Structure formats: C-alpha cells, structure tokens
Amino acid sequence: MKTIQGDLLKLAQDGQFDVILHGCNCFCVMGAGIAQSVKQHFPEAFQADYRTEKGDRDKLGSYSSTLIEKDSSRFTLVNAYTQYHWRGQGNKADYDAIRSVFKAVRQEFSGQRIGYPLIGAGLAGGDWTIIKQIIDEELESEDHTLVKFIP
C-alpha cells in the first residue's frame, strides 16, 4: 500500500487515479465525511447510491459506481457499502464487507490505479490496522494508494 497526503477527490480529477472508492452506509445518506464531499462534487455518484435499495442489509460488501467525466478527467467513483448504518458510537465498519468490496474491486478494476481514504476507519470507527491488512491482502500486486486527507 502506497500512502500519500492530499485530497482524494482533487487527485482523481487531476488524473492521478482511474478508480477511487469511499465507504458508505446502506441507507443512501452520504451526510458526513468524504461521502458528503462526494455527494456535493459528484452528484452522479449519489444518484448511483440512491438507485440502490435504502436500508438493504444485503448491500454490505457490494458497491455502486459511476463513471465521472469532467473537463479532461475521467475516473470511476465507487460507493463501497462497508457499514450498515451510521448512528451511534463505536465501530460501525463491517470487516467482512470491506474484504468483499475490495475483492470485487480487484476483479473489476485490476491493472488500474486505485485510490481510497482511511475507508472504514474514520467516522465508521473501524480499526485501521485490521482494515489495512484486509486491503493489502485483497489488492496484492495492484497499484493502490491510501490518500490521507489534507485539504
């Protein structure tokens, strides 16, 4: 896993990544964290999320996605369903769902430049040590980068 600092969304727009993903809950909210920024800057990603069934627990471990084409940039934005809900304290990240999503991302986007934030370890409260190990296992030999947010 490569690690850089910056703004994942801006880096994608600047052509640094072919695919970016962020963690979502299963309720089509996108009301906080990077998901809120995604919703504001890329409403087509929110629309892809909104086309899924609100509150469907079966979404865990899957994703919705959309191709973003703005100005000279082109990348796929993945809404990864890595937690069921967003309410309350403590860990809301589902490690099995995170593993399933990254396995599916590898299958669909192998060979592409993949970027992501501290998925599942921010507002979802997951343990980054566990999540990092999952990502490294599922994206082994792929070009993938953790982007730690710096505005």
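The values are calculated or read from the model by the stated rules, or taken from the named source; none is laboratory data. What you see is a predicted model; the values in this text were computed from it and never measured. Positions of Cβ are backbone-derived with ideal geometry, glycine not excepted, and every protein chain shown enters the neighbour counts.
Yes/no matrix, rows are residues, columns are (1) of a type in the set (Lys, Arg); (2) buried (at least 18 other Cβ atoms within 10 Å of the Cβ); (3) over 23 Å from Met1 (Cβ atoms):
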| residue | (1), (2), (3) |
| --- | --- |
| Tyr50 | no, no, yes |
| Gly61 | no, yes, no |
| Ser65 | no, yes, no |
| Ile68 | no, yes, yes |
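Only residues that are aromatic (Phe, Trp, Tyr) and touching an Asp or Glu at 6+ places or on another chain (Cβ under 8 Å) were counted across segment 86-115, and they come to 2.
The requirement of being among the hydroxyl-bearing types (Ser, Thr, Tyr), under 18 Å from Glu137 (Cβ atoms), more than 11 Å from the chain's Cα centre (by Cα) and surrounded by fewer than 22 Cβ atoms within 10 Å (Cβ to Cβ) is fulfilled somewhere in segment 81-104, by at least one residue. Contact annotation: no residue pair with Cβ atoms under 6 Å, 6 or more positions apart or on different chains, pairs a residue in segment 73-84 that is more than 14 Å from Asp49 (Cα to Cα) and basic (Lys, Arg) with a partner that is outside any strand (DSSP E or B) and modelled with pLDDT under 95.
Of all residues in segment 42-58, those that are over 15 Å from Asn25 (Cβ atoms) have Cβ atoms under 9 Å from Cβ atoms of residues that are modelled with pLDDT under 95 and surrounded by 14 or more Cβ atoms within 10 Å (Cβ to Cβ), 6 or more apart or on another chain, in Arg51/Cys28.
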